[in-house]
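So the structure is just underneath, and the comments pick up after that.
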Amino acid sequence: MRALKYQAALAALVALFAPLAGCYTLQPANGAAATIGSRVVLEVNDAGRVALGPHVGPEVRTIQGRLVSTQEGEYVVAVDAVRFFTTSDQTWTGEQVRLRTEHIRTTYERRFSRGRTIAFAAASAGVITAFLVTRSLVIKSNPSPDPNIPPIGEELIPRRYP
């Protein structure tokens, strides 16, 4: 019985917090400057790979992080991750890197996706409902019509009353 309550509490927590996660997509900035403080992915061009090679590493494909500022044709980014063409990705811890705008092929900004979030919340609700129904947490039933006969799996315990 205790495990059943634990499962019910866990299912309730998942149901409560899953829609709050939200879904995001990367959208091209389309020539407009990305918003300061937003999550960005900067696709580096060939000139940028040559210029950033000594600082970031050779064969940089993209730089991902939070946009700190834009000034005088430069982006300042607190880097979270760097993706390369040939080697594995690197995780960074917010080190700031300056990138000239002419070294960037495309700027992507992370934006909230309402449609994906609604679809995710609906799918989560369906999974949680199926979980609760299959565990008989929502619908309780006693297969025996006689109240003196205990449900399957339980024993009838004799009791003595004074």
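The values are calculated or read from the model by the stated rules, or taken from the named source; none is laboratory data. The model shown is predicted, which means the values in this text are computed figures rather than measured ones. Heads up, the Cβs are rebuilt from the backbone with ideal geometry, glycines too, and the neighbour counts pull from every protein chain shown. Please note that ligands, DNA and RNA were not included when accessible areas were found on the heavy atoms of the full protein model with its side chains. Shrake-Rupley method; radii C 1.70, N 1.55, O 1.52, S 1.80 Å.
Expected output is a single nm value to one decimal: the length gained when fully extending between Val133 and Gln71, i.e. 0.36 nm times separation in residues minus the C-alpha distance. What is it?
Details: separation 62, 0.36 × 62 = 22.32 nm, distance 5.67 nm.
Stretched out fully, the Val133 to Gln71 stretch lengthens by 16.6 nm.
How about region 24-103: which chymotrypsin sites (Phe, Trp or Tyr not before Pro) there are in a DSSP loop, with at most 15 other Cβ atoms within 10 Å of their Cβ?
Loop-located and lightly packed - Phe85.
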How much accessible surface does Arg98 have with a 1.4 Å probe, in Å² rounded to 10? 130 Å²
If I model a spin label as a point 7 Å beyond the Cα along the Cα-Cβ vector, how far apart are those points for Ser38 and Arg110 in nm? 1.3 nm
Starting from the Cα of Arg100, step 7 Å along the direction of its Cβ; do the same at Ala29; then give the gap between the two resulting points in nm. 1.7 nm
